[in-house]
Amino acid sequence: MDDDTITLWRPVGPVELRLIADSGMSAFPPRLPEQPIFYPVTTEEYAVKIARDWNVRESGSGYVTRFAVRRAYLAQYPVQDAGGKAHREYWIPAEQLAAFNAAIVGPIEVTHEFR
């Protein structure tokens, strides 16, 4: 990626991955009512931990997605510390997800799969 984008990762389960695939690997699906925040993470290692340790337990499989987002768009959101420097993420309000998706540059790629 270039200096105009930031690479992020998102751990997902099989249902969310299917919905991403349905978008042509270009967008994340709307949040469910009990999910007010969309949280992409800043490191692949953190995404792997969540996909492997949480998504597999909850749904039988977990996936790590990688994607680039326009830096100028992300500038409005501070990086959140969710339990240490290794656990950093952006908190995007659910109602802002369409704008977030519009700021994605290129495809959403699957980098890891766990079962």
In whole percent, the fraction of accessible protein surface over segment 1-64 that belongs to carbon or sulfur atoms, probe radius 1.4 Å, stands at 56 percent
Accessible area per residue of the chain at 1.4 Å probe, in Å²? 55 Å²
Neighbourhood charge, 15 Å Cβ-Cβ cut-off, centred on Ala99 and excluding it, Lys, Arg +1 and Asp, Glu -1: +2
Which of the peptides 6-15, 86-95 is most tightly packed, and how do the rest follow, going by the mean number of other Cβ atoms within 10 Å of each residue? 6-15, 86-95
Euclidean distance between Cα centres, segment 13-40 to segment 97-115, Å: 9 Å
Report the one residue of Gly62, Pro36, Ile20 whose Cα lies farthest in the direction of the positive end of the charge dipole of the chain (charges on C-beta: Lys and Arg +1, Asp and Glu -1; origin at the Cα centre). Gly62
What number, in percent, do you get for the relative contact order of segment 32-90 if the mean sequence gap of Cα pairs under 8 Å and at least 6 apart is divided by its residue count? 41 percent
Asserting the computed 222 nm helical MRE of the chain (DSSP H runs at least 4 long, -39500 (n - 2.57) per run, divided by residue count, to nearest 500) equals -6000 deg cm²/dmol
Area of Asp4 that stays accessible when all protein chains are in place (1.4 Å probe, Å², to 10): 110 Å²
Note, segment 9-23: 3J(HN,Hα) by Karplus (6.51, -1.76, 1.60, θ = phi - 60°), whole Hz, Gly/Pro = x, goes 10, 9, x, 9, x, x, 5, 5, 4, 4, 5, 5, 4, 4, 7
Can you work out the Karplus-derived ³J(HN,Hα) for every residue in segment 93-99? Use 6.51 cos²θ - 1.76 cosθ + 1.60 with θ = phi - 60°, whole Hz, and x for glycine or proline. x, 3, 5, 9, 5, 4, 5
Can you pull the Kirkwood radius for the chain, inverse mean 1/r over Cα pairs, to one decimal in Å? 14.1 Å
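The values are calculated or read from the model by the stated rules, or taken from the named source; none is laboratory data. Here the structure is a predicted model, which means the values were calculated and not measured. Here Cβ is always computed from backbone atoms with ideal geometry, including for glycine, and neighbour counts include all displayed protein chains. Heavy atoms of the whole protein, side chains included, go into the accessibility calculation; ligands, DNA and RNA do not. Shrake-Rupley method; radii C 1.70, N 1.55, O 1.52, S 1.80 Å.
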